[in-house]
1. In whole Hz and in residue order, list the ³J(HN,Hα) couplings for region 5-13 that follow from phi through the Karplus curve 6.51 cos²θ - 1.76 cosθ + 1.60, θ = phi - 60°; x for Gly and Pro.
2. Using a 1.4 angstrom probe on the protein heavy atoms only, could you order T104, T63 from most to least accessible area?
3. Dipole magnitude of the chain about its Cα centre, charges +1 at Lys/Arg Cβ and -1 at Asp/Glu Cβ only, in debye to the nearest 20?
4. Helix-only estimate, please: 222 nm mean residue ellipticity of the chain, summing -39500 (n - 2.57) across DSSP H runs of length 4 or more and dividing by its residues, to the nearest 500.
5. How big is the accessible area of D106 in square angstrom, nearest 10, if you roll a 1.4 angstrom probe over the protein chains?
6. At most 16 other C-beta atoms within 10 Å and a DSSP loop state: those are the exposed trypsin sites (Lys or Arg not before Pro) I care about. Give me the longest piece of the chain that has none.
7. Largest first, what is the accessible-area ranking of V39, V65 with a 1.4 Å probe?
8. Just to check, using Stokes-Einstein with a Kirkwood Rh over alpha carbon pairs, what's the diffusion coefficient of the chain at 4 °C and 1.567 mPa s in µm²/s?
Amino acid sequence: MSQGWKITVIVLAVAGVVSTPLVWLLDGPDAGQLTGACVQAAAGIAALVWALFQHSGSRADDTAVRTGPARADDGGTALTGVRRPQGRGSGSAQVERTGGATATGDGSNAVSGIDYT
């Protein structure tokens, strides 16, 4: 769900929870209006919760297949795969048959696969 649609659903859900039930309840509701207000409020709350738990539309699936070798020297980083800094991203990450990653020298780093650092 895109961010725009998510915001739209949240705004409409809040409006549904507050609008008509509030008007009915302030006007001395009968049993039918009270039931309708409860049902409408519950539907609005359900829509709000649903929208809050939807992933944004920026979901990305990362794939690296048959990459070549990588080499890092003297503090460099060699990566033959997928980098996901601090585990960011809501899509899947997959690597297959990555090339060799070699690091030499102080502070060098080599990853052949998925790097979550």
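1. Each residue of region 5-13 in turn: 5, 4, 5, 4, 5, 5, 5, 5, 5 Hz.
2. On the way: T104 55, T63 90 Å².
Heavy-atom accessible area, descending, gives T63, T104.
3. Details: 8 positive and 9 negative charges, 55 e Å.
The dipole magnitude comes to about 260 debye.
4. On the way: 2 runs with 46 residues, N = 117.
For the chain, the value works out to -14000 deg cm²/dmol.
5. Taking all protein chains as shown, D106 has close to 140 Å².
6. Numbers: sites that count: R59, R66, R88, R97.
The longest such stretch corresponds to 1-58.
7. On the way: V39 95, V65 65 Å².
From most accessible down to least: V39, V65.
8. On the way: Rh = 18.3 Å.
Translational D for this selection: 71 µm²/s.
The values are calculated or read from the model by the stated rules, or taken from the named source; none is laboratory data. Predicted model only: the values in this text are computed from it and were never measured. In this analysis, Cβ positions are derived from the backbone assuming ideal geometry, glycine residues included, and neighbour counts consider all displayed protein chains. Each accessible area value is taken on the protein alone, full model and side chains, heavy atoms only, with ligands, DNA and RNA left out. Shrake-Rupley method; radii C 1.70, N 1.55, O 1.52, S 1.80 Å.
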